[in-house]
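Peer 1: Please read through the structure below; I'll follow up with questions.
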Amino acid sequence: MPELPEVEVTRRALAPAVEGAVVRSLVLRDRRLRWPVPAGLARQLAGRKVLRLERRGKYLLWRFEHGTLISHLGMSGSWRMHPGTAPPPGRHDHVDLTVEQADGMWVLRLTDPRRFGALLWQRGGEQELRRSSLLARLGLEPFDPRFDGAFLHQRTRGRRTSIKQALLAGDIVVGVGNIYASESLFEAGIDPRTAAGRLSLPRCARLAQAIGTVLARAIDAGGSSLRDFVGADGRSGYFTLAARVYERNGLACLRCGAASVRRIVQSGRATYFCPHCQRR
Ligand SMILES: [Zn+2]
């Protein structure tokens, strides 16, 4: 399942073809994604210039002067770019967006076997976008300078849920999915079962920093896959982080070497941690 790092790597891969390009056509082969793709979308976009390709959480934001095309990869979606024309579509290639860039035409193709992805339109500018139901309740970006220990400390006060659950909820900080929650808490030396509201300020600071480090490392790891986005080589564009704790249950902890990594289940999701290095 694509997480924030995959979406950011997708953004970086697509941006050179997309930013400043003019939409020539939008072909919708199947509108039945997680929500129906708006019927008038092709007309809405034709002849319009993509100003910027941005990301908010796991949403890709194709910014136009008159609105924003919001796309989400869901469980299994991916974007690929083809110079000139695209090969004949396969059964999961639901959308082709053709744009004219200074260097020629590009076809951006959305493939999504499980169709949990989304392609929606939000008219208006920054304000309408920020208030849109999809984005309004999202927490801070992990790389936002405002996301620091003090912020995390303040926003977790009174929360009796575990710190892992608090991170996954996404209303404090976005992008900390199941893998990255385990990795960040390992990095910060915090037991994932610790009540969020009981974390001290210094530990919140360590955790905020760990989240940034872990996500930046994952994005860097995916950066080597940028050229995989051109053409259809069958690869999904998802990459695996060299996890330090995730799915290493039973193996020796990479930090202390003494204890072995434990796997527990919190709210139905697996969590991995070192009982020696990570404290409540
Ligand atoms: Zn350890």
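The values are calculated or read from the model by the stated rules, or taken from the named source; none is laboratory data. As the structure is a prediction and not an experimental result, all values here were calculated from the model. Here the Cβ is made from the backbone with ideal geometry for all residues, glycine too, and neighbour counts use every protein chain on show. For accessibility, only protein heavy atoms count, side chains too; no ligands or nucleic acids. Shrake-Rupley method; radii C 1.70, N 1.55, O 1.52, S 1.80 Å.
Peer 1: Specify which of the listed residues (173, 265) is without any contact (Cβ under 8 Å) to a residue 40 or more places away in the chain, away from the ligand (no atom under 14 Å from the Cβ) and open to solvent by less than 20 Å² (accessible area, probe 1.4 Å).
Peer 2: 173
Peer 1: May I pose another question? Quick one: would you say residue 48 is open to solvent by 50 Å² or more (accessible area, probe 1.4 Å) and closer than 28 Å to residue 174 by Cα?
Peer 2: Against the criterion (open to solvent by 50 Å² or more (accessible area, probe 1.4 Å) and closer than 28 Å to residue 174 by Cα), residue 48 does not qualify.
Peer 1: When you go through (1) within 16 Å of the ligand (Cβ to nearest atom); (2) open to solvent by 60 Å² or more (accessible area, probe 1.4 Å) one by one for residue 187, which number turns out not to apply?
Peer 2: Answer for residue 187: the failing condition is (2).
Peer 1: Looking only at segment 70-95, which residues are assigned to a strand (DSSP E or B) and touching a Leu at 6+ places or on another chain (Cβ under 7 Å)?
Peer 2: Within segment 70-95, 70, 71, 79, 81, 94, 95 qualify.
Peer 1: Restricting to segment 1-59, name every residue that is acidic (Asp, Glu) and either under 14 Å from the mean Cα position of the chain (by Cα) or on the phi > 0 side of the Ramachandran plot (or both).
Peer 2: Across segment 1-59, the qualifying residues are 3, 6, 8, 54.
Peer 1: It is to be established whether one or more residues within segment 44-54 are over 29 Å from residue 142 (Cβ atoms), free of Cβ contacts under 8 Å to residues at least 24 places away in the same chain and assigned to a strand (DSSP E or B).
Peer 2: Looking for residues that are over 29 Å from residue 142 (Cβ atoms), free of Cβ contacts under 8 Å to residues at least 24 places away in the same chain and assigned to a strand (DSSP E or B), one finds none in segment 44-54, hence no.
Peer 1: Is there a residue in segment 134-145 that is part of a helix (DSSP H, G or I), open to solvent by 10 Å² or more (accessible area, probe 1.4 Å) and not β-branched (Val, Ile, Thr)? First the steps, then the outcome.
Peer 2: Residues of segment 134-145 part of a helix (DSSP H, G or I): none.
Scanning segment 134-145, I find no residue that is part of a helix (DSSP H, G or I), open to solvent by 10 Å² or more (accessible area, probe 1.4 Å) and not β-branched (Val, Ile, Thr), so the answer is no.
Peer 1: Considering segment 139-182 alone, what residues qualify as being within 20 Å of residue 6 (Cα to Cα) and more than 16 Å from the chain's Cα centre (by Cα)?
Peer 2: Residue satisfying the conditions is 182 alone.
Peer 1: Could you say whether any residue in segment 159-166 is among the β-branched types (Val, Ile, Thr) and open to solvent by 20 Å² or more (accessible area, probe 1.4 Å)?
Peer 2: Within segment 159-166, the first condition is being among the β-branched types (Val, Ile, Thr), and the residues that meet it are 161, 163.
Adding the requirement that they be open to solvent by 20 Å² or more (accessible area, probe 1.4 Å) leaves 161.
Yes, segment 159-166 has at least one match.
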